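First the structure, in the form of structure tokens, and then the observations on it.
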Amino acid sequence: MATTVEEHSTSLRKDDLIEMYWTMLLARRLDERAWVLHRQGRIAFHISGIGHEAAQVGAAFALRRGVDWVVPYYRDLAMILSLGLTPREFALSIMGKKGDPSSGGRQMPSHWSLRRANVVSHSAPVATQTTHAVGIALGIKMTGDDAVAITSIGEGSTAQGEWYEGVNWAAIHHLPVIFLVENNMYAISVRQEQQMAVRHVADKAAGLGLPGVSVDGMDILKVHEAVSEAASRARAGEGPTLVEAKVYRLTPHSSDDDDRSYRSREEVAEWRARDPLDRFAAQLLDQRHLAPEAVAEMDARARQEVDEAIQFAESALYPEVSEGAYPVYAEDIPHA
Ligand SMILES: Cc1ncc(C[n+]2csc(CCOP(=O)(O)OP(=O)(O)O)c2C)c(N)n1
Ligand SMILES: [Mg+2]
């Protein structure tokens, strides 16, 4: 059963709910366009967050944007849009153009960073972001800042050594960090049963000494509530929390993958019927927070913003060859 807006215990106002829906919608339309651009040969690679939007936006809206620290992973387009990345910036990043805030067009797309929103880039080896977030949380604790760190990860990557090391350490030292696991049941083609012997990733928390909660990640309000509680615990000095959001990746793993080789079309169709975007729209319509005309108008506006962003990025410059090492070597390089 989906949480109704009234049942939801935290203080989301109608404007917040509409902004949350808008962000999910914008993420979806940008993501869909990236697939088209890839198939047209206009971008080299895309890794998609379609199906994960409720988990990501629900989590991001539980944070204080620009105060808390975020170490996301490659699937988090909707999360980073919630934190202030613009469609133009996303378009620059997928085209490897100069103005991309993550890397100036040098890193793989979707290795997000956004300095103005305290979003720290992750490395391509999965789970390395866990130790980075834990280090940031230690820094927060040592300086006494009123902030929390959050890091996201896929369920398959919680099998990595870095994940256990980071979570263990955060639990020992009661660090203000949230471990958000976006469990989409697959690590590329490998199903969850072949990745772990426990039923829920949240079950792993007991062995490491921190609370672990598992929520329906297709229900934005449930994720918002779980991450809000985890953030309150962290701010109160009660330490880390593991939040598992159960989602489904509605697309292949990336633009280089063909998921027909490892999962049935029936399975995908079954999950598509639970699309988190449609589900949130239905909730907002049902509770009369949005009228059908408003949903249609927002969709038209999202598509227009995507068109405009792609046009902008197509006419933007590529980085200069002389800037190839930026920002690995700092000398003489002006920072954004
Ligand atoms: C250490 C390491 N091993 C393998 C890879 C290749 N790789 C990239 S994503 C991925 C799957 C990760 O699955 P999961 O953690 O469940 O996240 P999802 O992609 O499903 O969101 C793998 C194996 C990598 N990037 N780093
Ligand atoms: Mg996965």
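Read-outs throughout are calculated quantities, based only on the coordinates presented, and are distinct from any laboratory measurement. All of these numbers come straight from a predicted model, not from anything done at the bench. For neighbour counting, all protein chains shown are included, and Cβ atoms are generated from backbone atoms with ideal geometry for every residue, glycine included.
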Practice item. Rounded to the nearest 0.05, what FRET efficiency do residue 288 and residue 168 give with R0 = 35 Å and r taken as the Cβ-Cβ distance? Could you check? Key: 0.15
Practice item. Select from region 233-299 those GluC sites (Glu not before Pro) which occupy a DSSP coil region and have at most 16 other Cβ atoms within 10 Å, ordered by residue number. Key: 238
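Using a Förster distance of 41 Å, how high is the FRET efficiency between residue 235 and residue 321, based on the Cβ-Cβ distance and rounded to 0.05? Could the numbers behind the result be given before it?
Working: r = 46 Å, r/R0 = 1.13.
Given R0 = 41 Å and the Cβ-Cβ separation, E is 0.35.
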Revision key, fill the gap. The answer for residue 69, listing residues at least 5 apart or on another chain whose modeled amide H is closer than 5 Å to its amide H, is 148, 149, 150
Check your understanding: What length, rounded to one decimal in nm, is gained on full extension from residue 45 through to residue 295, with 0.36 nm per residue of separation minus their alpha-carbon distance?
Key -> 87.0 nm
Check your understanding: Rounded, prolate or oblate: which fits the chain, taking a ≥ b ≥ c as square roots of the Cα gyration tensor eigenvalues, rounded meaning a/c under 1.5, else prolate when a/b beats b/c?
Key -> rounded
Exercise for review: Kindly state, to the nearest 0.05, the FRET efficiency for residue 108 paired with residue 13, given R0 = 41 Å and r defined as their beta-carbon distance.
Suggested key: 0.65
**Study point:** Separation in nanometres of the label points that stand 7 Å from Cα toward Cβ, at residue 22 and residue 189
**Key:** 4.3
